[in-house]
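*Asks:* Below is a structure I'd like to ask you about.
Please treat every number below as a calculation from the coordinates, not as lab data. Note that this is a predicted model, so its numbers are computed, not measured. Please note: Cβ atoms are built from the backbone with ideal geometry, for glycine as well, and neighbour counts cover all protein chains shown.
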Amino acid sequence: MAMVEGDQELGFDTEYSLKAAFTRESGRVFLTGIDALVRLPLMQKRMDELAGLNTAGFISGYRGSPLGGYDQALWRHKKLLAGHDIHFEPGINEDLGATNIWGTQLVDHYRKQATRDGVFSIWYGKGHGVDRTADVFRQANVQGTAKLGGVLALCGDDHTAESSMFSHNTDQIFESVMMPLLFPASIDEYLTLGLAGIALSRFSGLWVGFKAITETVEAGASLVVPGLPQFTIPADFPIPPHGLNYDPHLNWPAERLEYERRMLEERLPAAQAFAYANRLDKTTHEARHKRFGIVTVGKAHGDLLEALKLLNLSEEDLHEAGISIFKVAMSWPLEPKGIGEFVDGMERLLVVEEKRPLVEDQLKNLLYGWDDGRRPKVVGKKDLNGDDLLPAIWGFGPDQVAKAIARWLADTDLAEKLLPLAEKLGGNVPAKACGLLAREPIFCAGCPHNTSTKLPEGSLGSAGIGCHIMALGKGLRTDTYSHMGGEGAHWVGLHRFSSAEHIFQNMGDGTYNHSGLLAIRQAVASKVNITYKILLNDAVAMTGGQPADGEVTAPSLAAQLLAEGVGEVVLLSENPNHWRDHRSLLPAQVKVLDRSELDAVQRRLRETPGVTAIIYEQVCAAEKRRRRKKKQMVDPAQRLLINQRVCEGCGDCSVQSSCIAVEPLETPYGRKRQINQSSCNKDMRCADGFCPSFVTVEGGELKKPPVQSLAESLDSAIAKLPVAHTAVLEQPLSILVAGIGGSGVLTVAALLGMAAHLEDKGSTTLYFTGLSQKNGAVVAHVKVGASPESITTARIRDGAAELLLGCDMVTAAGQRPKFATGKMRALVNTAEVPVAAFVRDNELAFPADATEQSIESLCAEYYAFDANKYAQALFGDTVASNLMIMGFACQKGLLPIGEAALERAIELNGVAVENNLRAFRAGRLLAVDPRAIEKLAVPAQPVKLIEPQESVEQLIARLATELSEYQNAAYAHQFTHRIEPLHRAELSLRGTTGELTRTAANSLYKAMAYKDEYEVARLYSGEDFQRQLRETFSGDYSLKFHMAPPLLARPDSSGRVRKMQFGPWMGKLMPLLAKGKVLRGTLMDVFGYSGERRAERDWARQVARAVEGIAAQLNTDNIAQARELLEIPLQVRGYGHVREQKFSQVQGRWQELYEVFVDRSGDRVTVSTSQ
């Protein structure tokens, strides 16, 4: 990609477009591994056209990480592919996809009807899909490929379980089915080896495996487009008269022996001959005199090159030491001639390959029987003493390879140089910090699985493959799982040997269509007691929201289940009225209920003998969000809001909804809950929490900052920005980008990679996502070098990250082992974004200071700010925060990439270009003039950098004022009359700071200001709630209230009292009811006679007496016990049964400590509200 004169003035290639990745025939392009696999068939088609062949392309398979995004890319470029006669037909599952491919190779059998000379085909699937497809591979491979066809089978192997239940490699599966296996080491080899694989398949008649691992397929790189190759037909290999390809004249079963003979004696040798003739395996470095040889396989070649750098071994050093390097591309069957020529006469050989020793074992077999003078000593997984050298489990990196080389050469002249360097490796790698939070994946806000995976008390459940597997091991009684398509079949074996009589089995609609129906059929045939929960979500969300292949609807699903012999089918829907209005579409036996009836239905079905099923119909939350943005789905004009003053912070809303959009909110009255309106998907299940603080806001819209006027002011301020300084590249820079999945973190990495490419630099990206799209951690490794050749691996070694863009500080802190201690520069977003654990642990604290310190302590240069608050204030959305981070880094000179190229990359990305450019520039402005940004942000939404804590005296005064409003001045006096003596007693002790009094004041206030009907009405009528509404919403809207009045609310089938919804008239009633506080505690208080209110009054008396007792007896010996006692009332939160449950959890400890300070035989303390 040589830049022309005009480009050189701007500093980047202005001609480049994203389409160039697929259409440029020369020069430089930026490709991801997935992009390369899309480009590959286009290159093959072009080769065939130049050869005068009328061929077509065909692609089929089934999605699965790390190839989870391949089908999406093929759909995205469907028009381009179709224009080149390349057809994509996703398989219902992997083996059917392979069978689709098999059909394309029968062109020669049906030659009279054929419309093409041949069809080259590509199959794709995750490693687990290779396992289940082995039978198809075996049979189709035995029959052979068409002469002008050819098959390349893409295998998505996950060596380190980045996105899999377990790590896996399928090399030996391909060996078993006798398919040659190619293992590309880099993205450019996806093209060169991919084309070679199709040519190899055509020549040999074999299907050819192609190993696409996470390290390469989820990477991106700037590379030179390889030219179209000319493959050599082996001149010394005799082609049999019947040929090597599919033979329509060969009879089955009569000639089964001939099939096998041709495979072993003709086709596999032909594959080896082709590999040798075209130098698929090759010597990459040949020493002047051969003593030592290193053989690399696939990805390990990059690890070796990086290891040589770590050991300071230059090419000349390798020459002097007699070290040669041989790179194996076809790992099975090992081509014997080329590697034989390489190793002949060497002293020793080191084989560097990940996982089990496939090439090493073949090589040892090959060398068996050689003369001692020619045969080198081979090591790899073990050294000559049988000790471990390179691991067969998990994966390895350059550090481990470097150490293995040093040990391998420990008895040579190089030992003095290599051993000290190897010993230092890993010595300065930071340890993971203890006591910090982890950014674990969790269901999306409003995800159907938040509710659908819940089970009644006493039930057992099992998971399967899909997003719903995140329920596994989370205390939801779903503790086991099955492979895809086997869901529930394990119960057939287990139930005979278990006292449990029933189990629930989750199954996604994608899995059902993939192969899950067979498992249900097995359960029916075995007559076991099991209830399948078919989660009908209308998308395969786990791999990116693809539609389930083949139409899966509630009517077809219900009819099929009943036809298979399922005894009872219940449809639970988020929109049951739709099915009641269209009842004729469903089988008559199917009951239709609202999804809120899940618990009752499950309780009934677990008592029903045989196989039953629940179809839980609710659109995937992520897909629902996408469709609403595209106006493809109605976005209901309603939102939930939590009245912060009424909220008790009990967490029952999180218990009921398991929703990540329900977040903690720290207020002067303690921790409460708030709904993150940006992430909320309007599932509304959080309103089921037993609490009157929820209101539905119908109509209106979320209040946003004046974006247009802010944009104009921002543009004016940005116009005066100085040119950003660009960091000098002396060697490749390793950049770590860490954040939250789904927030645009990978976009930042992609922009960095593309911008460096535009500047004619070398760049690579590597993504680690796993389940990050489910609010989990996402990490990207970005490397920028002076040229592509300067970068040997995309992965950043431990201890080697020199720049951190921490878009989320929790994820960033979790990457400490990658930090280059004392050298790294870091930019961190300090926004305290809740983690998944908060949904399960109501009391979880966010250790913000410790998290920041764990990063800053290792840095040479450190910058931090709350990018989310700035982004929300300036743009009305936190999505802009990541682009602000990138802009800040650019302006501070942390990036070796110019601002012009970065802005061009944003334009090429093509998504919200104007807004993203403005966010990037706002980040630059923040770096040079933070006051300008704060001045713009404050009128829209204050950005509080420091919020001073009120003094103890101020706290007491504020709470007393609140109690006056709650009841009257006399009631407030009771509060101060008890707190002030304690405050004096605490201050009389040396070393105290008033924290005990602070705790006592909050606890006593909370107990005295119990939220009865009058108080809830007052808090809804007061200015605080009205202000909250004004700050959150604009336009015309009305309110509906979710409450459970004692005389009206009724329990459901599970015994839980259900809240009711009341219209706007309730808001008008609130001020009147609030005035009824004068009746509180009197004979006229109709609400005060309930057991709940009597218990609250008694609790207030106990807390008051505890405060008095502590004030009278406080000393340095018992202050810790006093603090523990006074902290307990803060844990008693909630309403009704929730509050009772909280109290029962602490009651024992309360009584134990209470008796330390309070003489229970004394007079009762009176806390009267009737004065």
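*Asks:* Given H placed on each backbone N at 1.01 Å, which residues far from GLN638 in sequence or on other chains put an amide H within less than 5 Å of it?
*Replies:* Under 5 Å from the amide H of GLN638 lie the amide H atoms of GLY699, each far enough along the sequence or on another chain.
*Asks:* Please turn the phi angles of the stretch 390-399 into ³J(HN,Hα) values with the Karplus equation 6.51 cos²θ - 1.76 cosθ + 1.60 (θ = phi - 60°), one per residue in order, whole Hz, x for glycine and proline.
*Replies:* 10, x, 9, 9, 6, x, 9, x, x, 4
*Asks:* Further question on the same structure: Which value, in debye to the nearest 20, describes the size of the charge dipole of the stretch 281-424 about its Cα centre when Lys and Arg Cβ atoms bear +1, Asp and Glu Cβ atoms bear -1, and nothing else is charged? Provide the component values of the computation, followed by the final result.
*Replies:* Details: 21 positive and 26 negative charges, 61 e Å.
Here the size comes out at about 300 debye.
*Asks:* For the stretch 1041-1110, what class follows from the C-alpha gyration tensor (a ≥ b ≥ c being the square roots of its eigenvalues): rounded when a/c is under 1.5, otherwise prolate if a/b is larger than b/c, else oblate?
*Replies:* On the way: a/c = 2.46, a/b = 1.49, b/c = 1.66.
It is oblate, given that a/c is not under 1.5 and a/b is not larger than b/c.
*Asks:* Here is a further query. Rounded, prolate or oblate: which fits the stretch 137-232, taking a ≥ b ≥ c as square roots of the Cα gyration tensor eigenvalues, rounded meaning a/c under 1.5, else prolate when a/b beats b/c?
*Replies:* Judged from the Cα gyration tensor, the stretch 137-232 comes out oblate (a/c at least 1.5, b/c at or above a/b).
*Asks:* Still on this model: Working out 0.36 nm times the residue gap between GLN632 and LEU476, then minus their Cα-Cα distance, what length gain in nm do you get to one decimal?
*Replies:* Working: separation 156, 0.36 × 156 = 56.16 nm, distance 3.42 nm.
Between GLN632 and LEU476, full extension yields an extra 52.7 nm.
*Asks:* Write down the Å³ per residue value for the convex hull defined by the alpha carbon atoms of the stretch 449-619.
*Replies:* Considering the Cα atoms of the stretch 449-619, their hull volume per residue is 103 Å³.
*Asks:* List ILE660, ILE101 from most exposed to least, where exposure is judged by having the fewest other Cβ atoms within 10 Å.
*Replies:* So the ranking, lowest neighbour count to highest, is ILE660, ILE101.
*Asks:* Further question on the same structure: Where the Cα atoms of the chain are projected onto their three principal axes, how long is each span, largest first, in whole Å?
*Replies:* 110, 70, 62
*Asks:* Here is a follow-up. Show me 239-250, 881-892, 669-680, 464-475 ranked by packing, highest mean number of other Cβ atoms within 10 Å first.
*Replies:* 881-892, 464-475, 669-680, 239-250
*Asks:* Here's a follow-up. Relative to the present Cα-Cα distance, how much length would full extension add between ARG1027 and GLN949 at 0.36 nm per residue of separation?
*Replies:* Here the answer is 25.8 nm.
*Asks:* Run the lone-cysteine check on the chain: no other Cys C-beta under 4.7 Å from the residue's C-beta.
*Replies:* Lone cysteines by the Cβ rule: CYS155, CYS434, CYS467, CYS620, CYS647, CYS650, CYS659, CYS680, CYS691, CYS807, CYS859, CYS890.
*Asks:* To continue, here is another question. Using label points projected 7 Å from each Cα along Cα→Cβ, tell me how many nm separate ASP411 and GLU89, to one decimal.
*Replies:* 6.1 nm
*Asks:* Restricting the count to DSSP beta bridges whose residues both fall in the chain, what percent are antiparallel, rounded to a multiple of 5?
*Replies:* 40 percent
*Asks:* Mind ordering 159-166, 1067-1074 by average Cβ neighbours within 10 Å, highest first? List each step's numbers first, then the result.
*Replies:* Working: 159-166: 16.5, 1067-1074: 14.8.
So the order, starting with the most tightly packed, is 159-166, 1067-1074.
*Asks:* Figure the gain on full extension for SER556 and ALA588 (residue separation times 0.36 nm, minus the Cα-Cα span) and round it to one decimal in nm. Numbers along the way, then the final one.
*Replies:* On the way: separation 32, 0.36 × 32 = 11.52 nm, distance 1.29 nm.
Gain in length upon complete extension: 10.2 nm.
*Asks:* Which peptide among 79-88, 446-455, 815-824 comes first, and what is the full order, when sorted by highest mean count of other Cβ atoms within 10 Å? Please report the intermediate quantities before stating the final value.
*Replies:* Details: 79-88: 16.0, 446-455: 25.1, 815-824: 19.6.
The densest-packed peptide leads the list: 446-455, 815-824, 79-88.
*Asks:* Oh, and also: Compute, for the stretch 28-276, the length of the dipole vector about the Cα centre, with Cβ point charges of +1 (Lys, Arg) and -1 (Asp, Glu) only. Units Debye, rounded to 20.
*Replies:* Numbers: 21 positive and 28 negative charges, 152 e Å.
It works out to roughly 720 debye.
*Asks:* Just need the Rg to Rh number for the stretch 962-1097, please, alpha carbons only, Kirkwood Rh.
*Replies:* Rg/Rh: 1.06.
*Asks:* Give the long-range amide H neighbours of ALA786: residues separated by 5 or more places, or on another chain, with amide H under 5 Å away, using H modelled in the peptide plane at 1.01 Å from N.
*Replies:* Answer set, sorted by chain and number: GLY762.
*Asks:* Tabulate in residue order the Karplus-calculated ³J(HN,Hα) for the stretch 671-687, using 6.51 cos²θ - 1.76 cosθ + 1.60 with θ = phi - 60°, rounded to whole Hz; enter x for Gly and Pro.
*Replies:* 6, 10, 10, 9, 9, 6, 5, 6, 9, 5, 9, 6, 6, 6, 6, 4, 5
*Asks:* Divide by every residue of the chain the summed helix terms, -39500 (n - 2.57) for each DSSP H run of at least 4, and state the resulting mean residue ellipticity at 222 nm, rounded to the nearest 500 deg cm²/dmol.
*Replies:* Computed ellipticity for the chain at 222 nm equals -11500 deg cm²/dmol.
*Asks:* Quick one: which residues, 5 or more positions from ILE92 or on another chain, have an amide H under 5 Å from its amide H? H modelled 1.01 Å from N in the peptide plane, none for Pro or chain starts.
*Replies:* GLY97
*Asks:* From the phi of every residue in the stretch 611-624, what ³J(HN,Hα) in whole Hz does the Karplus formula 6.51 cos²θ - 1.76 cosθ + 1.60 yield, where θ is phi - 60° and glycine or proline is x?
*Replies:* 8, 10, 8, 10, 9, 9, 9, 7, 5, 3, 4, 5, 5, 4
*Asks:* Hey, if you drop one equal point scatterer on each alpha-carbon of the stretch 800-925 and run the Debye formula without solvent, what base-10 log of I(q)/I(0) do you get at q = 0.18, 0.22 Å⁻¹?
*Replies:* -0.99, -1.25
*Asks:* Right, something else. How long are the semi-axes of the equivalent ellipsoid of the stretch 706-791, taking √(5λ) for every eigenvalue λ of the Cα gyration tensor, in whole Å from largest down?
*Replies:* Semi-axes (√(5λ), whole Å): 27, 23, 9.
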